[in-house]
Amino acid sequence: MATDKKKSIKIDDKVYTDYSSIKNGNGKDIFYGVSDTYTKEPIDTKVVVQPVITKKPATRTITPTKKVVKAAPVKRIVPQQEIAAPVQETNSAVDWGNEFNKTFNNLAPTIGARPAYDARNLKEQPKTAPETNKATNFYDKAEQIRLDTEATLKQIYGPNVKVNITQKERTAQQQAGLVAKGASATNISNHMFGEAADYQITINGKKQIGNTAQSLEPYLYLGGVARNHGMFWGWSDDSGHVGSTEYAYQTIQNNPKLAERDDIKAFYEANNKSTTMRYKPLMETLDQIYGKTSNRTYTGKAVKSTVLFPKYIEKKK
C-alpha cells in the first residue's frame, strides 16, 4: 500500500498543508484526502468547502450637503434728482416782448398799471436774511450786485450803461411818507432794517422806467444777478428793488432783536386790535417774539403777490 503524501492546497488566497486547521462554518474539521498514489479504494480527492457567508457591511447613505450660495445684495439705484439750471440767455430779443405783453394784458386788471410776468419762478427766492442788522453787510453785497449788473448789461446793450443805487436805508417816517404817496404798500419794509436797495438803470442816457416790456428787460437781468448773489428780487410793481428776504417779517424772524426797536413796537401797538390781512404774518411773528396772544381782527383779503421772471446771461470765458 502506497504511502499517502499530502500536498498543499490554496483556499481563499491562503495555502494550507495541515488540513486539520481548516474549519467549516460550524467550527468542525473538514477532511481533505489528497494522495499521489491509489489504494484499492481511491481516496476521495474532492474538497468539500462550506460556503463562507460574508456579512454585508451596512451601507451608509451620505446626503450631500447643499452648498448655500449667498445671494448678492440688491443694489438700490437712486435716480438722479433733476436740478433745474438757470436759463442761460444771450442778447437775442426772442419774442420776450410778445410773451410779456400777452401775460401783462391778462394780469393788468388785477395788479394795476405796473407789469408782472410770472408767479414764483425757477430760481428760489431767499427766505432768510443774514443774521445781522448792520447795513454795511447787506450794502457791500448790494454794491457787488450793482457792478455785476452793469457789466452784464454792457455785454447786451453796449458800453453806455449805468447802474445806480438810488435808495438804501429809510426811517419809519420816510417809509410812512412813501405809503401816503402810494409809492409803497407797507409801513414795515426791509429798507428800515438796512436790508434792501433800489436800483436805477440808464442806457444810452435814457432812464429805464420798467413800465414796458422793453424798459423792464434790463431789470430782469438785474434780477438774475441778484438771485445769483442769494438775494430776493422780483416785485412786479418795483423791479428795481433788491432785498435780503422777500418780506420784512422774514427778516425779523431771522433776527428777533429787530422787534425791540421803538418803531416796530409802536407799529405793533397801533395794529394790535385790528389791522389788514397784509400785516397778518408780521403781527403773528411779533406775537411769538413778545410772547403775547391777541384776539385782533383782520380786514380785507390776503395779498397774493406776483413775481417777475429773471433773466441770465452766460459769462464770457
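The values are calculated or read from the model by the stated rules, or taken from the named source; none is laboratory data. A quick note: this is a predicted structure, and the numbers were derived from the prediction, not measured. Counting neighbours? That spans all protein chains shown, and the Cβs are built from the backbone with ideal geometry, glycine included.
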Just one of (1) surrounded by 13 or more Cβ atoms within 10 Å (Cβ to Cβ); (2) modelled with pLDDT of 95 or more; (3) of a type outside the set (Asp, Glu) trips up Thr186, so point out which. (2)
Quick count over region 243-281, residues being aliphatic (A, V, I, L, M) and surrounded by fewer than 13 Cβ atoms within 10 Å (Cβ to Cβ), is 3
Where residues in region 140-178 are among the aliphatic types (A, V, I, L, M) and surrounded by fewer than 19 Cβ atoms within 10 Å (Cβ to Cβ), which of them is nearest to His229 (Cα to Cα)? Leu147
Pick from region 209-242 the residues that are surrounded by 22 or more Cβ atoms within 10 Å (Cβ to Cβ) and in a loop (DSSP other than H, G, I, E, B): which of them is modelled with the lowest pLDDT? Gly210
Quickly run through region 223-259 and pick out the residues that are out of contact with any Gly (no Cβ under 7 Å at 6 or more places or on another chain), of a type in the set (A, V, I, L, M) and over 19 Å from Ala185 (Cβ atoms). Val225, Ala226, Leu258, Ala259
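Among the residues of region 285-317, how many are acidic (Asp, Glu) and in a loop (DSSP other than H, G, I, E, B)?
1
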